[in-house]
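Okay, structure first, notes after.
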Amino acid sequence: SGRIVATAGGNTEFADMRAAYDALDERTKTEVEDLVCEHSLIYSREQLGFADFLPDERVNMRPVLQRLVRTHPVTGRKSLFLSAHIGAIVGWPRPEALAFVRDLVEHATQPQFVYAHRWTQHDLVIWDNRTTMHRVRRFDDLHVVRDMRRTTTRSEGPTVEQQAAQLTALPHL
C-alpha cells in the first residue's frame, strides 16, 4: 500500500505474463516450455554495478532454479516466469541465454501487456505474483521519500526440485 507516494514518477508497472505467453508464436512456446532459469539477486544487482559481495551474501543469494513457463495451480493457465534476477538458462551458453531472456522481457513488457499504476496515498494493489512481473519506475529517490508496504501470502515454492537440481545444474557455485 502507498503510505507516502512520490509526487513525480515512482509508478509501478505490472506485466501480465499470461497474456505475454499466449501471444508467443508456437515455435517459441515449444522452445521455452521445458527451460529452467537461475534466479538470484546477485544477477540483478550486478546489472546495476554492484559486484562486491561478501562470501555470506553469495551464500544467501545463491541462485534458485525456476521453470521459465509455469502452469497456474488453480486456473491451469500457462505464463512466463521472467525477472531481472535471471542470470542463466540451464544448459545454455550465458550470452545466448541472456539475449534470449532479454528478448522475452521485451516481448512481455509491450504496452498491451502492461498496467501502470500511478500511486496515490493509501492505495492498495493486489496482484498474483505467479502471473505478473512488476517494477517501479524511476523517481528522485535521493530527495523524495516513498514508503510502500507489501504483504506476501504463502504460496508455492520453487518450481524445480532444488537439491538435486543444484547439484547437477549449478556446479560453478
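Here, each number is a calculation from the coordinates, and none is a lab measurement. Small disclaimer: the values here were computed from a predicted structure and weren't measured. Here the Cβ is made from the backbone with ideal geometry for all residues, glycine too, and neighbour counts use every protein chain on show.
So what are the ³J(HN,Hα) numbers for the stretch 68-83, from phi and the Karplus equation (6.51, -1.76, 1.60; θ = phi - 60°), rounded to whole Hz, Gly and Pro as x?
The phi angles translate into 6, 10, 10, 10, 4, x, 9, 8, x, 7, 7, 8, 7, 10, 10, 6 Hz.
Place +1 on the Cβ of every Lys and Arg and -1 on the Cβ of every Asp and Glu in the chain, take the dipole about the Cα centre, and give the residue among T75, G91, T7 whose Cα lies farthest towards its positive end.
T7
Quick one: dipole size for the stretch 2-169, taken about the Cα centre, charges +1 on Lys/Arg Cβ and -1 on Asp/Glu Cβ, in debye to the nearest 20.
So the magnitude is around 480 debye.
Where in the stretch 1-88 are there GluC sites (Glu not before Pro) that are in a DSSP coil and have at most 14 other Cβ atoms within 10 angstrom of their Cβ?
E33
Kindly provide the trypsin sites (Lys or Arg not before Pro) of the stretch 43-84 that DSSP labels as loop, not H, G, I, E or B, and whose Cβ sees at most 16 other Cβ atoms within 10 Å.
Those satisfying the criteria are R77.
Restricting to Cα pairs below 8 Å that are 6+ residues apart, what does the relative contact order work out to for the stretch 2-169? Please round to a whole percent. All intermediate terms of the calculation are to be shown ahead of the outcome.
On the way: 243 pairs, mean separation 73.0, N = 168.
It rounds to 43 percent for the stretch 2-169.
Only Lys, Arg, Asp and Glu count, each charged at its Cβ (+1, +1, -1, -1), so figure out the dipole size of the stretch 107-158 about its Cα centre, rounded to 20 debye.
Roughly 40 debye, rounded to the nearest 20.
Just report the Cα centroid separation between the stretch 73-130 and the stretch 6-30, whole Å.
6
Can you list residues from other chains, or at least 5 along the same chain, whose modelled amide H is less than 5 Å from the amide H of L35?
For L35, whose amide H was placed from the backbone, the distant partners under 5 Å are L68, V69.
Cα axis of helix 94-108 to longest principal axis of the chain: angle in degrees, 0 to 90, nearest 10?
40
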